[in-house]
Amino acid sequence: MTQTSPKYLILLVGPTAVGKTDLSIRLAHKLNTEIISADSRQFYQELSIGTAKPSVEEMDGIKHHFIDSHSIEAYYSAGDFERDVIKLLEEDIFKRKDVVIMTGGSGLFVKAITDGLDEMPEAPLALRENLMKRLETEGVEQLAAELQKLDPEYAATADLQNSQRVVRALEVCLSTGKPFSEFHKKAKVERNFKFIKIGIERPREELYDRINRRMDIMLANGLEEEVKGLNDYRNHNALQTVGYKEVFEFMDGAYDHSTMVELLKRNSRRYAKRQMTWFKNQDDFQWFNAEDFDGVYGYIQSTLNQK
């Protein structure tokens, strides 16, 4: 890629409900740039309420990429995301902008851009469908136990409560006869641009209160109706996640409405904790309070001025 000045991708990460959307839009206005979403569920046109997808009004005139970009009927992996984002940056946005913002809480999708992913073999569709049926009938614990036998190395570091990760790893193990971890040995890729890595956080009780209130708003805005309309796709990986799985189980009669609400909030809080653990283990992020816009913007400016 021919370029006359360094190009920067600002990564703005953090747990669900911390305030990434608002902060990234404010930064995009100040930096006169665009935003790439690294939220693995906001890609899908059919998922809106349960993914806290920003509305046109909330986007406030800032161009967003990878929101409503795909149908739930299409399989879209972290490897697909890596390929498409790098192409978008190098062939389009970096020809117009020196700085771009990428924000989201999906750690694997962020890592795909920073480090690159190995080429993962595609599993037969029948195998994926079988595993999704097993997930529904046996639960993620049974599949995770099978994964621990087939690939103890990956299982030792993976989030075994994340059904999407467990199913994907099992797909590879069962379709290739090799451990999933064998496909993660590649050296980190070198990009033609630089990163500014920023994490945002809030005190735990404040974050948990925001998560609880966000879930109340989602329910008031029609989350249950959205989920009912997605019943034909319930085995899709994107719907085996917090915010959708609990409503499907309520619809199946697994528990009453008040239990569903409590599980939605509890599982969202647990998800936020796992996100923080993931990103805190990526030790090159600079962390700020989500309300500290001046601190975040000052850090970006000081980094850009070093070029």
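Counting other Cβ atoms within 10 Å as a rough exposure proxy, the listed residues Tyr44, Tyr75 run Tyr75, Tyr44 from fewest neighbours to most. The mean of 1/r over all distinct Cα pairs in the stretch 125-184, once inverted, gives the Kirkwood hydrodynamic radius of 11.2 Å. In percent, rounded to a whole number, the relative contact order of the stretch 125-184 is 34, using alpha-carbon pairs under 8 Å and six or more apart. In degrees from 0 to 90, rounded to the nearest 10, what is the angle of the helix 257-281 Cα long axis to the longest principal axis of the chain? Long axis of 257-281 versus the principal axis of the chain: about 50 degrees.
Based on the Stokes-Einstein relation at 20 °C and a viscosity of 1.002 mPa s, and on the Kirkwood radius from alpha carbon pairs, the stretch 152-193 is assigned a translational diffusion coefficient of 185 µm²/s. For the chain, relative contact order (Cα pairs under 8 Å, six or more residues apart, normalised by length) works out to 27 percent. Under 20 Å from a label point set 7 Å out along the Cα-to-Cβ vector of Lys178, the amide N atoms of the stretch 121-154 belong to 121-125, 127-128, 147-154. Length gained on full extension, Asn281 to Lys133: 50.0 nm, using 0.36 nm per residue less the C-alpha separation. Kirkwood radius, the chain, all distinct C-alpha pairs, inverse of mean reciprocal distance: 20.4 Å. If one takes the longest principal axis of the Cα atoms in the chain, at what angle in degrees, from 0 to 90 and to the nearest 10, does the Cα axis of helix 140-150 lie? Compared with the principal axis, the helix lies near 80 degrees.
Any chance you could run the full-extension gain for Ala74 through Asn289? It's 0.36 nm times the residue separation minus the Cα-Cα distance, nm to one decimal.
Full extension of this stretch gives 73.7 nm more.
The residues packed around Asn212, meaning those with a beta-carbon under 12 Å from its beta-carbon, carry a net charge of +1 if Lys and Arg are +1 and Asp and Glu are -1. In the stretch 175-289, Rg over Rh equals 1.07, where Rg is the alpha-carbon radius of gyration and Rh the Kirkwood radius from pairwise Cα distances.
What are the equivalent ellipsoid semi-axes of the stretch 1-112, built from the alpha-carbon gyration tensor (square roots of five times its eigenvalues), in whole angstrom, biggest first?
Those come to 22, 17, 13 Å.
Expressed as an acute angle from 0 to 90° and rounded to the nearest 10, what is the orientation of the C-alpha long axis of helix 125-138 relative to the principal long axis of the chain? Rounded to the nearest ten degrees, it is 70.
Values in this text are rule-based calculations from the coordinates and carry no lab data. Since this is a predicted model, take the numbers as computed values, not measurements. Counting neighbours? That spans all protein chains shown, and the Cβs are built from the backbone with ideal geometry, glycine included.
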